[in-house]
Amino acid sequence: MTARQQGGRAAHAEARREAILEAAMNVIAERGYRATSLAAVAERVGLTQPGVLHYFPSKEHLLVGVLEARDRWDTAAFLTESTSATLSHVEQIVEFNTERPGVVQTFTALAGESTTGDNHPAREFFTTRYANLRAAFAAMLRAEYGDELPGGLTPERAAPLLIAVMDGLQIQWLLSPDEVDMTAAFRDFVALISGGDRSTP
C-alpha cells in the first residue's frame, strides 16, 4: 500500500469516527444518557453495531469520545487562535450546557463511574482532564487577576474550586432544573472569588 493510499484510509477512518461521535451526540441529546445505545448510534450513522465497535470498543469508550469531542468543539466555538480563555468564556460554556442536558448527564455519570476503579474506560480521561483544567484555569485566573484574586485566593487555590462549583452545579441542575439556575449561580460564585471585580468583560 502506498503512502497516499494509507493517508486516504486514515482520513476516511477519521471522518467516519467523527461522524459516529456526531451521531452519538445527537442521540444523547434526544434520548439522554441511559437510553443511548450502540445500536441506536449505529443506525443513525448507517453502520452495524460491530461497525461502531471497530472504532470504539465499548459504549463507555464511545461516550468518552463524545466528551472529548465536546471539549474540542467548545474550545473551537468560544475561542480562536488569537484569544485566550477568560472567566467570561467559562460562563458562556456553563450557559451553553443548559441547552444540552443529555451531554451533561453523560459527563456526570461517567465522572462518577470513573472513580470506581483504575480499569474504568473513563478514568484516564477524567484524571487527565481535571489536571489539565486545573492548570488552565490557574493560568487563566493569573492572566486576569495576577498572583492573587481580589477575594484573597491564589489562582492555584481558586482553580479547583471553580471546577468543583461547575460540576456540583451540574448535578443540582440535573436533579432540580426548575429550582437551580446554573448560570446565575456560577456567576454568583465568580463574584465571590473575584470580590465583584471583573476587570475583563
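The set of residues in the stretch 112-129 that are touching a residue at least 24 places away in the same chain (Cβ under 8 Å) and either of a type in the set (Lys, Arg) or in a loop (DSSP other than H, G, I, E, B) (or both) comprises HIS120, PRO121, ALA122, ARG129. For the stretch 22-43, the tally of residues that are more than 20 Å from ASP74 (Cα to Cα) and in a loop (DSSP other than H, G, I, E, B) stands at 4. So VAL104 clears everything in (1) exposed (fewer than 14 other Cβ atoms within 10 Å of the Cβ); (2) in contact (Cβ under 8 Å) with a residue 40 or more places away in the chain except one condition, right? Which one? So VAL104 meets the others, but not (1).
Residues checked against (1) out of contact with any helix residue (DSSP H, G or I) (no Cβ under 6 Å at 6 or more places or on another chain); (2) polar (S, T, N, Q); (3) assigned to a helix (DSSP H, G or I):
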residue: ALA131; (1), (2), (3): yes, no, yes
residue: MET140; (1), (2), (3): yes, no, yes
residue: ALA143; (1), (2), (3): yes, no, yes
residue: ALA158; (1), (2), (3): no, no, yes
residue: GLY168; (1), (2), (3): yes, no, yes
residue: ASP178; (1), (2), (3): yes, no, no
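Listed by first and then second residue, the pairs linking a residue in the stretch 130-154 that is farther than 16 Å from PHE189 by Cβ to a residue that is of a type outside the set (Val, Ile, Thr) and crowded, with 17+ Cβ neighbours inside 10 Å, with Cβ atoms under 6 Å apart and 6 or more places separating them unless they lie on different chains, are ARG134/ALA159; ALA138/PRO155; ALA138/ALA159; ARG142/PRO155. Determine, yes or no, whether ASN97 is closer than 22 Å to LEU62 by Cα, at pLDDT below 95 and exposed (fewer than 14 other Cβ atoms within 10 Å of the Cβ). No: the conditions fail for ASN97. Contact annotation: residue pairs with Cβ atoms under 6 Å, 6 or more positions apart or on different chains, pairing a residue in the stretch 26-43 that is modelled with pLDDT of 90 or more with a partner that is part of a helix (DSSP H, G or I) and not aliphatic (A, V, I, L, M), are VAL27/ARG44; ILE28/GLY102; ILE28/THR106; LEU38/GLN49; LEU38/LYS59; ALA39/GLN49; ALA42/GLN49.
The values are calculated or read from the model by the stated rules, or taken from the named source; none is laboratory data. Just so it is clear, the model here is predicted, and its values are computed rather than measured. When we count neighbours, we look across all protein chains shown, and the Cβ atoms used for this are built from the backbone with ideal geometry, even at glycine.
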